[in-house]
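Note sheet for the following structure.
What follows draws every value from the coordinates through simple rules; no lab data is involved. Fair warning: this is a prediction, and the values are worked out from it, not measured in the lab. Cβ atoms come from the backbone with ideal geometry, glycine included; neighbour counts cover every protein chain shown.
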Amino acid sequence: MKKYRLLTLSLLALLLGAALVVMAVLASQRFSNVLLIPQAQKQALLARGQGPGGLSATLFRYNYWLILLGLALAGLGFYLLSLFNRHSPLSARVSRLLLTEYRPLVILLSAALVFAALSSRFLTLNNFVNIFKQIAHYAILAAGVYFAILLGGIDISVGSVLAFSGAMAALIIARMPDNPWSALLAVLAALLVGLIGGFFNGFFIARFSLQPMIVTLASLSIFRGATLVLIGGAAVSIAGTRYAGSRVFNALGQQTLLGGYLPVPILIMAAVYLVVWFVLNRTAFGRHMYAIGGNEEASLLSGINVAKTKLLAYTASGFMAGIAGIIITARVASATPTAGQSYEMDAIAAVVIGGTSLRGGEGRVLYTIVGALIIGMLNNIQTLMGVDSYYQTIIKGGVILLAVLLDARTGRK
Amino acid sequence: MGELILRLQDISKAFPGVQALDKASLNVYAGEVMALLGENGAGKSTMMKVLTGVYQKDGGTITLKGKEIAFQNARQAQEGGIAIIHQELNLVPGLRVYENVFLGQEKRRGLAIDRRSMIDTTRELLSRVRVQIDPRQRVRELSIAHQQMVEIAKALLLDARVIVMDEPTDALPDEEVDSLFEVIAQLKRQGKAIVYISHRLEEVFRICDRATVLRDGQFMGEVPVSQLDMDSLIRMLVGRPLDQHFPYIKSEGRGPALSVRGLDSGLVSGVSFDLNQGEVLGVTGLVGAGRTELAQALYGLHPWEGGTAQLLGRPYHPRSPREAIASGLYYMTEDRKRNGLVMGMDVRANITLSSLRALRGRLGLNLREERSRVSSYIDSLRIKTPSMRQRARNLSGGNQQKVVLSRALMTRPRVLILDEPTRGIDVGAKQEIYQIIMDLKAGGTAVMMISSEMQEVLGLSDRVMVLHEGRKMGELGRAEASQERIMGLILGQGRPSNTQEANA
């Protein structure tokens, strides 16, 4: 019975902590201001009597400490839960669900709460549309990288493939200024480039059993170089009305639907994830990928065509890079030789923060969007708060490290 | 007779469902080689794991030089003077010989590592067993035999009194066996006590002084080798009455399912046999006799260098497991953990892994059909699992085996090759698997059952085929098969083999 009391206690701590944080967040939202402002400014705000007084004002006055206390309580709850993991089946189930199955969601939720307290501009529909718009392209890249990581491999070439396909698209539109069909041709060419790039990786990985890390490192260099050969050192601009195809093409990156609330890149991202989710969960190909990532030898003995599955998976990853290349080129209406540089890192980070095991065979692709969203929110809040972009990079690295650490500590054996 | 240095007395050890050791004993004498013999699963390796503290014993005593000991882990055993040389050597291939010998206890001179003195000591240790190896060579460049010498040098550095060798000749080519035996003779002369575990009985007569025989975890006796001959040794090893009930049913002759002629593939050479529908063909032999290699060649995992085969009257030559399955042959692996199950996937996905093609619906997989097929297998094979979404790693060994078996059955194979189908599972699950095999047989499936368990082979097979070093040694009908005859064939008696000529 004692262990159930302790389980109740830890759940209580969790809930109380979460409630405290939520209340503090609401209070600071009420005063339409941010958490981290100087004390004097805070007092001035209260004195001006903005918003209703009473409880909210009290909470706002102390919200800094309340949030810390709430987070500490929630952390304690988690710690207790993981501690009693082995002692009772019920707490084991609860904590396993929270710490492994739903961990990316838990992180997303807590991050959203804390960020909302840091800036009143964070928790708004416009801002979230903005965040989604910013993550769309690398969430698409991440879906491709997810395939590679699911197989127990990796694909670090996606940034370069993205650049090459974008450059190809821009070049076609720029070279066919009078033909309105150039937009369609550019899209097809960019997708084809992506397919070829992915096939290149998959061919060497599957046919010769080479290390995915090394093969994609090589193609990272090859496709970056190919981009430079194709368009030289300068950007290819397709902005303005000089080119017949540019209006339709650029719409793929800039157009918004539903009164400005649904940018086309978000729509494309949603479509990509819908298809990927279906492939992974409802087709033999998807099952085969999970099986190969989990146990390649057993998959071979079960009659799975391992080489073909790998080839297809890496080709798909290249195809996603092609889609992302179109979106990025269309959004800025130009192709640069350095486009997508180090995007592979953001994509891998999204997959890892989304709880996918780097050992392969386990993961959920929809959590990759959650991972991308967490990174997107992190970038967004830092921009809102005016954090130096140099420091942003350092903080992102720290978060990735933390995610991997969490995976190792609570990972499924 | 040497001094009694190590004594394991009345050791008992139980695992869930199995009494692995039942009051087993072993005496080890200084300057002698003691053979520890027994069939697979007789308890030899459990005994050694109890000795080195990997397992804790349930009962009995271990005395080393008159003092009672109970090691908690392998390191303590090492420090206590007991060294084990495992089948899979414990060396770092990229490091040099002396670095391996001194791994974890490097000599230092100030902050630096004292290379010269380590090299000299290693050379001296190796010369003690009269082996010429350059201590500065990298281990990966050495032959397996020389790598074993490096392990022995490690044992000597620790000044081990007792050296346990677990199947040391299994991985050795014949010509290197002799040099290992010379080293063992040297160690004997230096007063080391050696425990020699081997399946190869002829080796016992060459280098061992005494033999201890275990059977089903029980102590069968300790005999000086001089008082033994091959026949009496075999009787000690296998001579037990049939203590299990095998649900054998008589086979009704149906047409041939698989016939193989002169198959060459890797280790397997010139194997021919026929397998009929509704028949169980037992295949046995030592570990390394080519049983698994034969099965995997027939499954398209290894290229054929020669020979032909027919499956259900059609020419059969698969180039991948996928082709084999499509032709109606399925191979169930001997090692479900390594290459059978995908541990992180659930029971459902593991069962349907080979038959997803049959589950194609209008849009993607037909999950409803999948669920109903899986639950019918869970029912009919009585797989104990809380749900079909349970991950495979959470099931017990017997239930895991049934999951792999379900996967095989779902492809509706006409020829089913089972490789050690009851390895590492408890008695109850064994019986259930025997019954499934008989049901398959009654349904007309041709079953080829590879097994090291003599009782199982005798109890279930219509015919028994024995392999030895990749060749077929003989085939016995159910009526003529007996433990002694099979064991004779397993050990390569009945016709001169190259090994025995070389050893003579």
- line: Relative to chain A, whose Cα atoms define the longest principal axis, helix A:389-410 and its Cα axis are tilted in degrees, nearest 10, by 80 degrees
query: Packing-wise, with mean Cβ within 10 Å as the measure, how do B:337-349, A:376-388 rank, highest first?
result: B:337-349, A:376-388
task: Return the sequence-ordered ³J(HN,Hα) values of the stretch B:206-219 in whole Hz as given by the Karplus equation 6.51 cos²θ - 1.76 cosθ + 1.60 applied to θ = phi - 60°, using x for Gly and Pro.
output: 7, 10, 9, 9, 9, 10, 10, 10, 10, 8, 6, x, 10, 7
task: Would you mind checking which residues have amide H under 5 Å from B:LYS192's amide H? H placed 1.01 Å from N; only 5 or more apart, or other chain.
output: B:GLY31
- line: Applied in sequence order to the stretch B:477-487, the curve 6.51 cos²θ - 1.76 cosθ + 1.60 (Karplus, θ = phi - 60°) yields integer Hz couplings, x standing for Gly and Pro, of x, 4, 5, 8, 6, 9, 4, 5, 5, 5, 4
Leading residue at positive end of dipole, the stretch B:346-485 (Cβ point charges), from B:MET454, B:GLN401, B:LEU359: B:LEU359
task: Express as a percent, rounded to the nearest 5, the fraction of DSSP beta bridges in the protein assembly as shown (both residues included) that run antiparallel.
output: 60 percent
message: Quick query: amide H of B:LEU36 versus all other amide H atoms, modeled in the peptide plane; which residues come in under 5 Å with a sequence gap of 5 or more or a different chain?
response: B:TYR196, B:ILE197, B:SER198, B:THR212
message: To make sure I understand, if each residue's beta carbon is the centre and we count other beta carbons within 10 Å, what order do B:THR212, A:THR356, B:THR411 fall in, fewest to most?
response: B:THR411, B:THR212, A:THR356
message: Let's test the formula: R0 of 45 Å, r as the Cβ-Cβ distance of B:ARG382 and A:ARG247. What FRET efficiency results, to the nearest 0.05?
response: 0.10
message: With just the Cα atoms defining each centre, how far is the stretch B:285-306 from the stretch A:127-204? Give it in Å.
response: 46 Å
message: With +1 on the Cβ of every Lys and Arg and -1 on the Cβ of every Asp and Glu, and nothing else charged, how large is the dipole of chain A about its Cα centre, in debye rounded to the nearest 20?
response: 1020 debye
- prompt: How many angstrom lie between the C-alpha centres of the stretch A:265-332 and the stretch B:422-493?
  reply: 44 Å
task: May I ask what percent, to the nearest 5, of DSSP beta bridges between residues of chain B are antiparallel?
output: 55 percent
query: So, how do all the Cα-to-Cα distances of the stretch B:374-457 break down into 5 Å bins, in percent, from 0 on up?
result: 3, 14, 27, 26, 19, 9, 3, 0
message: Could you give each residue of the stretch B:388-396 its phi-based ³J(HN,Hα) in whole Hz, using Karplus coefficients 6.51, -1.76, 1.60 with θ = phi - 60°, and x for Gly or Pro?
response: 6, 8, 5, 5, 4, 5, 8, 8, 6
Difference of contour (0.36 nm per residue) and Cα-Cα distance, B:LEU4 to B:ASN27: 7.6 nm
- prompt: B:LEU158: net charge of surrounding residues, Cβ under 15 Å, Lys/Arg +1, Asp/Glu -1, itself excluded?
  reply: +1
- prompt: Which order results if B:LYS192, B:LYS402, B:LYS57 are arranged by neighbouring Cβ count within 10 Å, fewest first?
  reply: B:LYS57, B:LYS192, B:LYS402
message: Placing unit charges on C-beta atoms (Lys and Arg positive, Asp and Glu negative, everything else neutral), compute the dipole magnitude of the protein assembly as shown about its Cα centre in debye, rounded to 20.
response: 3740 debye
- request: Over the Cα atoms of the protein assembly as shown, compute the convex hull volume and normalise it per residue, giving Å³.
  value: 235 Å³
task: With 25 Å as the limit, write out which pairs from A:LYS310/B:LYS402; A:LYS308/B:LYS472; B:LYS250/B:LYS337; B:LYS49/B:LYS402; B:LYS44/B:LYS188 have Cα-Cα distances beyond it, or answer none.
output: A:LYS310/B:LYS402; A:LYS308/B:LYS472; B:LYS250/B:LYS337; B:LYS49/B:LYS402
task: Answer with one residue from B:LEU237, B:LEU157, B:ILE133: the one whose Cα lies farthest towards the positive end of the charge dipole of the stretch B:4-238, charges on Cβ with Lys, Arg +1 and Asp, Glu -1.
output: B:LEU157
In degrees, nearest ten, helix A:366-384 long axis to first principal axis of chain A (Cα): 70 degrees
- request: Could you tell me which of A:THR216, A:PHE78, A:VAL229 has its Cα farthest along the dipole of chain A towards the positive end, charges placed at Cβ (Lys, Arg +1; Asp, Glu -1), taken about the Cα centre?
  value: A:PHE78
Cα-projected label distance for A:ALA72 with B:ASN90, points at 7 Å along beta-carbon direction, nm: 4.8 nm
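Assigning unit charges at the beta carbon (Lys, Arg +1; Asp, Glu -1) and nothing else, what dipole magnitude in debye, to the nearest 20, does the stretch B:415-496 show about its Cα centre?
Values: 9 positive and 12 negative charges, 65 e Å.
Using only the charged Cβ atoms, the result is roughly 320 debye.
Could you state the orientation-averaged shadow area of the convex hull built on the Cα atoms of the stretch A:122-224, in nm² to one decimal?
If I average the Cα hull's projected area over directions, I get 8.8 nm².
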message: Under the 0.36 nm per residue contour assumption, what length would be gained going from the current alpha-carbon distance of B:THR63 and B:SER272 to full extension?
response: 70.1 nm
field: For chain B, convex hull volume per residue from C-alpha positions, Å³
entry: 176 Å³
query: For B:GLY290, what is the net charge nearby, where nearby means another residue's Cβ is under 12 Å from its Cβ and Lys, Arg count +1, Asp, Glu -1?
result: 0
message: Using a Förster radius of 51 Å, what is the FRET efficiency between B:ASP335 and A:LEU16 based on their Cβ-Cβ separation? Nearest 0.05, please.
response: 0.55
message: Working only with C-alpha atoms, what are the Rg and Dmax values of the stretch B:343-412, expressed in angstrom?
response: 11.3, 36
- request: Between beta-carbons, use under 9 Å as the cut-off and find the net charge around B:LEU64, counting Lys and Arg +1, Asp and Glu -1.
  value: +3
message: Just want to confirm a number: the relative contact order over the stretch B:4-238, from Cα pairs under 8 angstrom separated by 6+ residues, in percent.
response: 30 percent
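Given Cα pairs under 8 Å that are at least 6 residues apart, what percent is the relative contact order of chain A? Present the calculation step by step, with values, prior to reporting the outcome.
Numbers: 688 pairs, mean separation 96.6, N = 413.
Relative contact order comes out at 23 percent.
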statement: Rounded to the nearest 10, the angle in degrees between the Cα long axis of helix B:174-189 and the longest principal axis of the Cα atoms of chain B comes to 40 degrees
task: Search the structure for amide H atoms under 5 Å from the amide H of B:GLY59, placed 1.01 Å from N in the peptide plane, and list their residues when 5 or more places away or on another chain.
output: B:SER12
query: In percent, what relative contact order does chain B have, based on Cα pairs under 8 Å that are 6 or more apart in sequence?
result: 15 percent
query: In nm², what is the average projected area of the convex hull enclosing the Cα atoms of the stretch A:194-337?
result: 10.8 nm²
query: What base-10 log of the normalised intensity I(q)/I(0) is obtained for chain A from the Debye formula, alpha carbons as equal point scatterers, at q = 0.08, 0.13 Å⁻¹?
result: -0.51, -1.13
- request: From the P(r) of the stretch A:277-413, can you give the percent of Cα pairs sitting at distances over 21 Å?
  value: 54 percent
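Looking only at other chains, what is the average number of their beta-carbon atoms within 10 angstrom of each beta-carbon in B:322-331?
The mean count of partner-chain Cβ atoms within 10 Å per residue comes to 2.
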task: Take peptides A:226-237, A:179-190 and line them up by average Cβ neighbours within 10 Å, highest first, as a rough protection proxy.
output: A:179-190, A:226-237
Segment A:VAL229-A:LEU217, length gained on full extension (0.36 nm per residue, minus Cα span): 2.5 nm
